[in-house]
1. Full extension from residue 194 to residue 118: what is 0.36 nm times the residue separation minus their Cα-Cα distance, to one decimal in nm?
2. Which of 161, 154, 270 has the fewest other C-beta atoms within 10 Å, and how do the rest follow up to the most?
3. Under the 0.36 nm per residue contour assumption, what length would be gained going from the current alpha-carbon distance of residue 241 and residue 334 to full extension?
4. Under 1.5 on a/c is rounded, so check that first for segment 89-235, then, if it is not, pick prolate when a/b is larger than b/c and oblate when it is not; a ≥ b ≥ c are the square roots of the alpha carbon gyration tensor eigenvalues.
5. Using a Förster distance of 30 Å, how high is the FRET efficiency between residue 304 and residue 147, based on the Cβ-Cβ distance and rounded to 0.05?
6. If a paramagnetic tag sat 7 Å from the Cα of residue 297 along the Cα-Cβ line, which residues of segment 341-362 would have the backbone N under 12 Å from that point?
7. Taking the Cα atoms of segment 53-111 alone, what are Rg (to one decimal) and Dmax (as a whole number) in Å?
8. Take 345, 376 and order them by how many other Cβ atoms sit within 10 Å, fewest up front.
Ligand code: SF4
């Protein structure tokens, strides 16, 4: 889910949606969503299979199919797992605890591949944004946000998004396909490469050296519409012999795909954020059109039943502050009434405006007044600091800008809304 919604990364990646200033109501007629399936990736004849993103069981099966003796599969899978995810090694020749002829066998059948960096922007505030190319030439965005006590990586789960949240830039891009588990965990590996976070040879990873301490699924796409790939990738992220990030430091942000919410708790077990943004169905229908399928009351029921919910594991409600749309005192009061009884924190996200956006950011005093009401009702209500504004940090912006740069002037002129 995008920030807007799910975008906790809000600060990070408020996705803005491109739309005429006059037409926020257009979203009322926009398609809510369509169910999409991950398109299977076809390997070229005789191609090597990418090991990144395979579950441990799939890795074992792949090794067996390549001729690894049955008695060795478990051990070999464990060794490879550590080389790939703990040490960041991608060349089989460097996997020195494997026999030379076995390394040759691996190189014949497999590859260890991650997305390619097409463009990398570093903000004055340290935020890093990557435009990554994945199979088929598609592009997705990943954002790294360093803070004093943590480093958060905001990753994408789909190319574009089928949802049409009216404040979100990604929602303006046609969905091309779901990402594979390898492409999702590959974003973490790309960022580790760029940050130089892999341990030096012979040294075990240490927590205090972690630059990426948190992962948020708040980049492009709705993660619960790509459930299996997201789950498998996050299991690698959480695996003690994998990337090794605690489940409590992983937050999945959804726009409100109600039927999959409980499953996220039981099968992934991560923290949950929801792109809430409104306190009436009328307004939420416009801002987050999936609300027309699962309205506020239905969503809140699902959140109350979230398996991991407790006072120490609260749900984050993302609330983008839009001037004159959802930012009144009355709305703040209605919000705290609606979520009564749910252990929660409310992230207030000043809207990250983009050219042509149909909304404006609420005034700072208004945001503070809203936060005050929520805070006095007993909820943490941090106001997210916009980050990386100088590098097009609104989700989807970098991808759009790069695509535009590649097009001819004439081509751009014929494209409505650009
Ligand atoms: S349009 Fe998609 S990517 Fe954007 S906020 Fe909505 S669910 Fe997230």
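No lab work stands behind these numbers, since they all come straight from the coordinates. This is a predicted model, so every value here is computed, not measured. Positions of Cβ are generated from backbone atoms using ideal geometry, with glycine treated the same way; all protein chains shown enter the neighbour counts.
1. Details: separation 76, 0.36 × 76 = 27.36 nm, distance 1.28 nm.
So the chain would gain 26.1 nm between residue 194 and residue 118.
2. Details: 161 32, 154 35, 270 27.
Least crowded to most crowded, the residues run 270, 161, 154.
3. Values: separation 93, 0.36 × 93 = 33.48 nm, distance 4.51 nm.
The residue 241-residue 334 span can extend by a further 29.0 nm.
4. Details: a/c = 2.20, a/b = 1.38, b/c = 1.59.
Taking the square roots of the gyration eigenvalues as a ≥ b ≥ c, segment 89-235 is oblate.
5. Values: r = 30 Å, r/R0 = 1.01.
For R0 = 30 Å, the calculated efficiency reads 0.50.
6. Inside the label zone: nothing.
7. 10.3, 26
8. On the way: 345 15, 376 11.
Sorted ascending by nearby Cβ count, the order is 376, 345.
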